[in-house]
Amino acid sequence: MSGEPLDARVLIEAVQERASGSTDPLVLLESAVTVAAEAGDAADRVVEHYVGAARAAGLSWTVIGERLGVSKQAARQKFAHRLEVSDLVGEAAEAMVMVPRLAACLDVAYAAAEADDSVPGTQHLLLGLLHVGVAANILDQLGVTRDKVRDTSLRLFEPAVITSGDGTERRVVGDGEADNAVLQARRMAARRGQSQVRSEHVLFVMALDPGSSARRVLNDLGIDPDQIKKELVDWIPPHPRPRRRLGKGRDRSGRACSFCGCTDPGRAMVAGPGVWICGECLQLSASILRTEQTGVRTG
């Protein structure tokens, strides 16, 4: 193992963690396929992020393509559409409505962090999610209780004082990433075409993040994250997929919604400079704007 590159070692450890200690070669292989897919998606997002930064800095597709080792046409074709979609998802996430049940859960989580004299971590979010909502029901069914989470957190996490870039010191128990987890839950809901962020989105993000303190607590309690994912299937829709039809029903015009990727020829499309937006995504956007205009705060 010592001869493997660092990134390979990290991925191998992630496979073993996902396999929950199993030595079954098929279980390990299945876990490896999942981890590899996640790693590939993450790598694509990293490159996409810096392509977006290069475009924001005023660099041309020609220069970006040269650095990527492809033509400017290939660079534009691969990234331009994805950057537009990324911007739309970001705007939708910012306007995402937080349901009252989740807001109540966050109040409980931040109170737990205050009791620890700590920046809120995902283990505090786990305590908060046990307060009310779909996430609370799922955790109850799996035997997760407040006392178990508190006792496990006390045993697993030692307080630490961390100095930020501006010299400010903060006391952290656990990962201190509660706010980031909520942001990721917002983005996840937006990508899935939903107009509200709820407790189940936060639970999904934390449980499926192998580096979160919440995941560490769940692992210690013997809770399989795949079981949580399975329980959430009915509550969180899958990623929208482009709809493809063969034969006469297939749209041969090349139109595809720049937000959800839909290519259904029967769905109304609005054209813009280099983009298409389908009727359903327009309705979602209008719903978000109406909510914002009526003064609803996303918190």
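Here is how the numbers come out for the structure above:
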{"quantity": "Criterion (at pLDDT below 80 and either in contact with a Lys or Arg (Cβ under 7 Å, 6 or more places away or on another chain) or at positive phi (or both)) met by exactly one of S20, S2, S86, S31", "calculated": "S31"}
{"quantity": "Residue that is least open to solvent (accessible area, probe 1.4 Å) [pool: residues in the range 110-155 that are among the polar types (S, T, N, Q) and in a loop (DSSP other than H, G, I, E, B)]", "calculated": "S118"}
{"quantity": "Candidate set: the range 187-207, residues that are of a type outside the set (A, V, I, L, M, F, W, C) and open to solvent by 20 Å² or more (accessible area, probe 1.4 Å); chosen: the one farthest from P120 (Cα to Cα)", "calculated": "G193"}
{"quantity": "Filter result for the condition that a residue is modelled with pLDDT of 80 or more, open to solvent by 80 Å² or more (accessible area, probe 1.4 Å), in a helix (DSSP H, G or I) and closer than 30 Å to D179 by Cβ, over R101, R55, R45, R67", "calculated": "R101"}
{"quantity": "Restricting the range 168-213 to residues that are of a type in the set (S, T, Y) and in a helix (DSSP H, G or I), the residue that is nearest to the chain's Cα centre (by Cα)", "calculated": "S199"}
{"quantity": "Some residue of the range 160-179 being at pLDDT 90 or above, surrounded by fewer than 20 Cβ atoms within 10 Å (Cβ to Cβ), out of contact with any Ser or Thr (no Cβ under 9 Å at 6 or more places or on another chain) and not hydrophobic (A, V, I, L, M, F, W, C)", "calculated": "no"}
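The values are calculated or read from the model by the stated rules, or taken from the named source; none is laboratory data. A quick note: this is a predicted structure, and the numbers were derived from the prediction, not measured. Counting neighbours? That spans all protein chains shown, and the Cβs are built from the backbone with ideal geometry, glycine included. Just so you know, the surface numbers come from the protein's heavy atoms only, side chains and all, with ligands and any DNA or RNA stripped out. Shrake-Rupley method; radii C 1.70, N 1.55, O 1.52, S 1.80 Å.
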